[in-house]
Amino acid sequence: MTCSNHFLKGAPDNPSDEFGHGSGVASLVSYYALNLAPAGRNEGKVWIAGGRVLNEHNDSEARLFSSALKEVVEFFAPLGVKIFNLSVNARNLRWNRNSRRTVPRGSWLARRIDHLSKEYDVIFVVSTGNISPIDIRGSIDGGKNYPGYLMQEESSILDPGQSVLAVTVGAITPGTLAVGPGTLRARALAVENHPAPFTRS
């Protein structure tokens with residue numbers, strides 16, 4: 001069963017995820033809840049509620065994202081939704097020694113998530129964020145190889161990954177072989193089941 005709603009001022013009648021990221025995550029959630037055995041039965045054990053907060057450009061329309069998130073929880077929590085997956089990070093807000101001193105406490109999305117978690121008795125699942133391929137290449141070219149570059153302050157988790165009450169998840173590598181276009185094959189940076197080269201710490 002699914003339920004969708006929109007929380008964008010610029011698209012008040014369109015709850016569809018035009019960028020595709022939220023829908024992709026929701027599909028993975030439902031996939032792992034299904035019995036895929038040849039004679040398996042599936043009886044709708046998962047209810048996915050989609051709350052559109054980003055536009056087709058993966059942007060929150062210059063609106064305070066924490067306000068949109070509050071509206072999402074206020075709408076869905078009374079319907080019985082208890083787990084909220086947020087696969088969005090603030091790319092310009094890394095959680096490290098410097099930002100903890102210089103960024104005002106009220107600016108962190110993690111703070112709003114902690115407040116909403118307590119007020120509505122819900123759980124958020126958030127991500128650590130990703131390191132871009134360009135930044136990975138820059139670290140390696142600068143002499144910091146995997147996994148050393150994961151420990152740099154530039155590789156620290158992105159807001160809201162530092163939330164105290166959320167479950168924060170990163171990525172692990174599924175294997176040690178990277179396969180590219182055609183017959184191109186290369187060794188992966190990370191060993192199977194180790195932190196992915198693009199995850200954050």
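The values are calculated or read from the model by the stated rules, or taken from the named source; none is laboratory data. This is a predicted model, so every value here is computed, not measured. These accessible areas exclude ligands, DNA and RNA; they are computed on the full protein's heavy atoms, side chains included. Shrake-Rupley method; radii C 1.70, N 1.55, O 1.52, S 1.80 Å.
The residues ASP121, ASP13, sorted by heavy-atom accessible surface at 1.4 Å with ligands and nucleic acids left out, run ASP13, ASP121 from largest to smallest. Here the 3J(HN,Hα) profile of the range 103-113, calculated from phi with Karplus coefficients 6.51, -1.76 and 1.60 at θ = phi - 60°, is 8, x, 4, x, 7, 7, 5, 4, 4, 5, 4 Hz, Gly and Pro shown as x. With all protein chains in place and a 1.4 Å probe, the accessible surface of the range 67-179 carries 54 percent carbon and sulfur.
Amide H contacts of LEU93: ASP159, each under 5 Å away and 5 or more positions distant or on a separate chain (H built 1.01 Å from N in the peptide plane; Pro and chain starts excluded). Between the amide H of THR168 and those of VAL126, distances stay under 5 Å, these residues lying 5 or more places away or on another chain, with hydrogens modeled in the peptide plane.
Stokes-Einstein D for the range 86-136 at 37 °C, 0.692 mPa s, Kirkwood Rh over Cα pairs, in µm²/s? Translational diffusion coefficient: 260 µm²/s. Along the range 49-56 the Karplus relation, 6.51 cos²θ - 1.76 cosθ + 1.60 evaluated at θ = phi - 60°, assigns HN-Hα couplings of 10, x, x, 6, 10, 10, 7, 5 Hz to successive residues, with x for each Gly and Pro.
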